[in-house]
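Below is one structure, written out as structure tokens; the observations come after it.
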Amino acid sequence: MEETIKTFPQHTCSWLKGKLTLYKNQDFWNVREFHEGGIMAQQSFEARPSDVFVCSAPKTGTVWLKALAFAIITREKYDESTSPLLTTMPHECIPLLEKDLEQIEENHKNSCFPLVATHLPYNSLPESILSSNCKIVYIYRNIKDVIVSHYHFLREANKLPLEDAPFEEAFDEFYEGVSWYGPYWDHILGYWKASLERPEIILFLKYEDMKKDPTGNVKKLAEFIGFPFTYEEEKAGVIENIIKLCSFEKLSNLEVNKSGKHRAEDVNVAENRIYFRKAKDGDWKNYFTDEMIEKIDKLIDEKLGATGLVL
Ligand code: A3P
């Protein structure tokens with residue numbers, strides 16, 4: 001498959017000094033390994049109806065959503081002082097469909113752990129997920145903050161200092177639709193349309209709304225994935241404890257997330273700390289020129305204006 005993927009349209013990111021090449025297949029851009037994993041999942045993955053999919057485009061709050069979903073479904077077994085989240089990076093608590101297929105199949109055989117994560121666009125999800133009516137939870141985020149987050153993540157992952165990685169070029173590339181699992185607007189649009197058609201199986205969450213009302217959104221999430229909080233749990237402060245455990249302040253200060261490495265055995269090894277940067281809404285204001293603001297606002301209006309989604 002490696003050779004086939006190399007025949008797809010490709011783009012080498014010059015602002016990353018050529019350290020990253022993305023390939024386009026099924027209308028989205030990705031690194032070769034994750035295209036490969038996605039295609040393998042499409043060919044062989046058998047979803048269980050009880051599976052719950054945590055879906056997102058990169059840099060939209062995936063780690064946060066994973067941590068919350070994990071804490072919700074494991075709360076009978078662990079509390080905020082014993083949770084594996086204290087010692088394990090959230091990405092490693094939930095397997096990724098396009099990377100950890102074997103582990104997911106093992107989980108299917110040996111446990112009832114329902115969570116599976118994926119960055120795949122809706123139209124590229126394996127057919128069995130859709131035909132099994134699995135629950136899907138999707139998070140999206142303000143595009144300007146995603147662009148800045150994407151820039152820093154790739155810059156850090158490729159070990160380039162700020163002065164060697166021009167933000168303007170990274171912006172132009174993202175604007176042209178070339179981003180990890182992008183175009184970002186198509187990613188949102190796929191899940192958005194599906195959520196309108198099948199609201200009972202797709203929950204659409206917005207990063208900024210979750211910050212404004214964590215309690216309401218965590219309750220909604222728990223209910224949607226089939227693990228609702230009881231009245232007693234609510235009274236005992238279980239929701240607040242989960243929110244605190246999964247907060248940026250808590251997770252980003254844990255030793256595992258400060259000095260640990262993600263996928264340590266892998267060629268795509270990344271330091272956990274780069275998944276926890278600032279988590280601030282509106283950080284884009286420190287990077288965007290007036291011209292960039294105008295361009296991106298116009299683009300979003302063209303691409304997503306009809307949805308009524310505010311990015
Ligand atoms: P910034 O780069 O703006 O700081 P993803 O998890 O999809 O890769 O998204 C990464 C973004 O989520 C980063 O944003 C990161 O700081 C932020 N983030 C990580 N953990 C978070 C948490 N617990 N709560 C809120 N945001 C978080």
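Laboratory data are not the source of any read-out in this text; all were calculated from the coordinates shown. All values derive from a computational prediction rather than experimental measurement. Every residue, glycine among them, receives a Cβ derived from its backbone with ideal geometry; neighbour counts consider all protein chains shown.
At q = 0.11, 0.15 Å⁻¹, what base-10 log of I(q)/I(0) does the Debye formula yield for segment 2-307 when every alpha carbon is treated as an equal point scatterer in vacuo?
-0.67, -1.34
Modelled label-to-label distance, ASP290 and GLU46, 7 Å Cα→beta-carbon offset: nm?
The modelled label-to-label distance comes out at 6.2 nm.
Helix 214-224 versus the longest principal axis of the chain: what angle, 0 to 90°, nearest 10, using Cα atoms?
Approximately 70 degrees, to the nearest ten.
Under the rule of -39500 (n - 2.57) per DSSP H run of 4 or more residues, summed and divided by the residues of the chain, what mean residue ellipticity at 222 nm is obtained, to the nearest 500 deg cm²/dmol? Write down the numbers at each step before the final one.
Values: 16 runs with 141 residues, N = 311.
About -12500 deg cm²/dmol.
In sequence order, what are the phi-derived ³J(HN,Hα) couplings for segment 90-100 according to the Karplus relation 6.51 cos²θ - 1.76 cosθ + 1.60 with θ = phi - 60°, rounded to whole Hz, with x for glycine and proline?
Per-residue couplings from phi come out as x, 4, 8, 8, 10, x, 9, 3, 7, 9, 10 Hz.
Taking +1 at the Cβ of each Lys and Arg and -1 at the Cβ of each Asp and Glu, which of LEU189, GLN43, HIS152 sits farthest along the dipole of the chain towards its positive end, judged by Cα position relative to the Cα centre?
HIS152
So in the chain, what percent of DSSP beta bridges are antiparallel if you round to the nearest 5? Before the final figure, lay out the partial values.
On the way: 8 of 23 bridges.
Within the chain, antiparallel bridges account for around 35 percent of the total.
Just want to confirm a number: the relative contact order over the chain, from Cα pairs under 8 angstrom separated by 6+ residues, in percent.
Values: 417 pairs, mean separation 69.3, N = 311.
Relative contact order of the chain: 22 percent.
So which trypsin sites (Lys or Arg not before Pro) in segment 56-92 are both in a DSSP loop and have at most 11 other Cβ atoms within 10 Å of their Cβ? Each step should come with its number before you reach the end.
On the way: sites: LYS59, LYS66, ARG75, LYS77; in loops: LYS59, ARG75, LYS77.
For trypsin sites (Lys or Arg not before Pro) across segment 56-92 that sit outside H, G, I, E and B with at most 11 neighbouring Cβ atoms in 10 Å, the list reads LYS77.
Structure shown: which of LYS19/LYS250; LYS24/LYS258; LYS6/LYS99; LYS278/LYS303 lie over 22 Å apart, alpha-carbon to alpha-carbon? Could the numbers behind the result be given before it?
Numbers: LYS19/LYS250 32 Å; LYS24/LYS258 33 Å; LYS6/LYS99 19 Å; LYS278/LYS303 28 Å.
Violating the 22 Å Cα-Cα cut-off are LYS19/LYS250; LYS24/LYS258; LYS278/LYS303.
Round to the nearest 10 and give me the degree value, 0 to 90, for the angle of helix 184-197's Cα axis relative to the longest principal axis of the chain.
Long axis of 184-197 versus the principal axis of the chain: about 40 degrees.
What does the extension gain come out to for GLU3 and LYS193, with contour length at 0.36 nm per residue minus their alpha carbon separation? Show your work: numbers first, answer last.
On the way: separation 190, 0.36 × 190 = 68.40 nm, distance 3.36 nm.
Taking 0.36 nm per residue and subtracting the Cα distance, the gain is 65.0 nm.
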